[in-house]
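Rule-based calculations on the coordinates, nothing more; no lab input. Just so it is clear, the model here is predicted, and its values are computed rather than measured. Glycine also receives a Cβ, built like all others from the backbone with ideal geometry; neighbour counts cover every protein chain displayed.
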């Protein structure tokens, strides 16, 4: 039983640390990557844009989000 209690205590500690990091930085991205994409729709430009993409919806139900020049999503 002590092994189970030790693991539960460690899990609680890690969850607390994750919450603390999330509150400090605002967002914590997991399982995502940065990709370069062309403008969609009727846009007629050769300019490429950077997006953060993920396999699961994390941006208000969306799987991708454009990056702005300021460095924030």
Worksheet entry | Highest to lowest packing among 2-13, 55-66, scored as the average C-beta count within 10 Å | 55-66, 2-13
Response to the item:
Looks like region 31-73, by Cα gyration tensor root eigenvalues a ≥ b ≥ c and the a/c under 1.5 rounded cutoff (else prolate when a/b is bigger than b/c, oblate otherwise), is prolate
Practice prompt. Once you have the Kirkwood Rh of the chain from its Cα pairs, apply Stokes-Einstein at 20 °C and 1.002 mPa s and quote D in µm²/s.
Written response: 140
Item to complete: Give me D for region 2-43 in µm² s⁻¹, whole number, from Stokes-Einstein with Rh from the Kirkwood sum over alpha-carbon pairs, 37 °C and 0.692 mPa s.
Response: 238
Practice prompt. Would you mind checking the tilt of helix 2-25 against the longest principal axis of the Cα atoms of the chain, expressed as 0 to 90 degrees and rounded to 10?
Written response: 30
Worksheet item: Per residue of the chain, what 222 nm ellipticity follows from adding -39500 (n - 2.57) for every DSSP H run with n ≥ 4, rounded to the nearest 500?
Response: -11500 deg cm²/dmol
